[in-house]
Every structure is written in C-alpha cells, then in structure tokens.
Amino acid sequence: MIELYLIRHGKTYGNTLGRYIGITDESLCPEGREALQSYTYPQAEAVYASPMKRCLETAKILWPELPVQSFHKLRECDFGEFENKNYLELKDNPHYQAWVDSGGQTAFPEGESREEFQKRCLEGFLEVLEAVRQADCKKAALVVHGGTIMSILAAYGEPKKSFYDWQVKNGMGYQARWDERDEGGIRLYEVEPIGIDSRLCTGLDLR
C-alpha cells in the first residue's frame, strides 16, 4: 500500500474575497502562508504539484527539503467568464444564474465543462501514479486545487461520494491508501481528512 496525501493549496488574495480562482496564477497571500506554517501534515517521500504558483509555494512551505515535480494537467478549472469574480460580482449575470440553477453541471461560459476538467485531472493523476511507481516511494503528497481533489476522489475514492461531497478548505486535504497491485482498477481506500482541524474538511461525515 502507498499513502497519498491530497492537499489543497494555501489561501490567496482572491480566495479571501470568495473569487473563482482557476487559471489566474496568484501567489499565496500573507494570511495563507502564515496558516500553512501552523498546520500539521504527515511526512512525505515525494511531492507532486500543479504548476500554478499557489501550489508550488504551498509545497515548498510544507516540504521544504523535497524537490517538487509539477504536472500541467493538475491545474484548476478554467472558469471562463466567471474567472477572478465572486458571487456579488456575478449575481446579475444570467449565465452565472443558469450555471447555479444547473447545480454546477453546465460548462463555464468561455471556460471548461466539468467533464473536460475532470477528464484532464484524472489523466494528470494517472501520470502522478506512474511517477510514484517509478520513484518507488511509499508516501507521496499531491499539492493541487480544490477542484482537482474533488475530481480525483469522485472517481476513485472509497466509499463512493459525489463531486461536491469532496470539497475541502485551503491548506487542508485528504489522505488515502492506494494498492498499486490492485488489478480491479484505481481505488483509493481509507480516505480521511487531514489538516489543522479535520472537522473543517467538509467532504466526510465525521459524526
């Protein structure tokens, strides 16, 4: 069994304003950096990340002694017309209202559809798993985006949950076990929240 740690990047300025930050390449804000330094994370033997600044910076704060290998397909979704805007700025936009009414199922205008995004993320995740195999490590961290984590766990997490059930706050994430010898396909077992306070991870029922 290999332990995988799926961590969402620390907070950026856009995150503090509730904006849809996808392809916008923001750095961490001071608040985000400070929070990460107070969190507790498991030791990793290898670190993989989205190439966005906020993920690379988070990875270096959490595991400063390890090199970080980036994977282009692990990037956050392209929110298109909604990019770098928040609810208040979009509330009168009919395209945004239509997207909300669809339960987040329709494609972002001028951006990616959820199906395109999830497909890309899963392709990137499989590339990471191959890198983990090649590195022959037993504890690997992925520093990525909230949507990336949701895509991976919606596809492979056990027990099965829906895409939005795997939401996670900045700087927090999930740990899981992967049996690389499993002939039944990719499955992530024993998925549990990790971070400063696991109760703040919204994806699991912690009662």
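Are there GluC sites (Glu not before Pro) in the stretch 35-138 that DSSP puts in a loop and that have at most 16 other Cβ atoms within 10 Å, and which ones? Passing sites in the stretch 35-138 are 45, 65, 110.
If you add up the charges near residue 175, with Lys and Arg at +1 and Asp and Glu at -1, over every other residue whose beta carbon is less than 10 angstrom from its beta carbon, what do you get? Numbers along the way, then the final one.
Details: positive: 139, 177; negative: 3, 190, 192.
Net of charged neighbours comes to -1.
Expressed as a whole percent, the accessible area of the chain that falls on carbon and sulfur atoms is 49 (1.4 Å probe). Spatially, the stretch 37-51 and the stretch 103-171 are offset by 16 Å when compared through their Cα centroids.
Pairs to check: 60/160; 73/160; 11/169. Give those whose C-alpha atoms are more than 20 Å from each other in this structure. Kindly include the intermediate steps, with their values, before the conclusion.
Numbers: 60/160 32 Å; 73/160 23 Å; 11/169 9 Å.
Beyond 20 Å: 60/160; 73/160.
Between the amide H of residue 70 and those of 49, distances stay under 5 Å, these residues lying 5 or more places away or on another chain, with hydrogens modeled in the peptide plane.
Based on Cα contacts under 8 Å between residues 6+ apart, the chain shows a relative contact order of 30 percent.
When 1/r is averaged over all different Cα pairs and the result inverted, which Kirkwood radius in Å belongs to the chain? Please report the intermediate quantities before stating the final value.
Working: mean 1/r = 0.0579 Å⁻¹.
For the chain, inverting the mean 1/r across all distinct Cα pairs yields 17.3 Å.
Summed over the residues of the chain and divided among them, the accessible surface reaches 49 Å² per residue at a probe radius of 1.4 Å.
The values are calculated or read from the model by the stated rules, or taken from the named source; none is laboratory data. Because the structure is predicted, anything quoted here is derived from the model rather than measured. In this analysis, Cβ positions are derived from the backbone assuming ideal geometry, glycine residues included, and neighbour counts consider all displayed protein chains. To get the accessible areas, we keep the full protein, side chains included, count just its heavy atoms, and leave off ligands, DNA and RNA. Shrake-Rupley method; radii C 1.70, N 1.55, O 1.52, S 1.80 Å.
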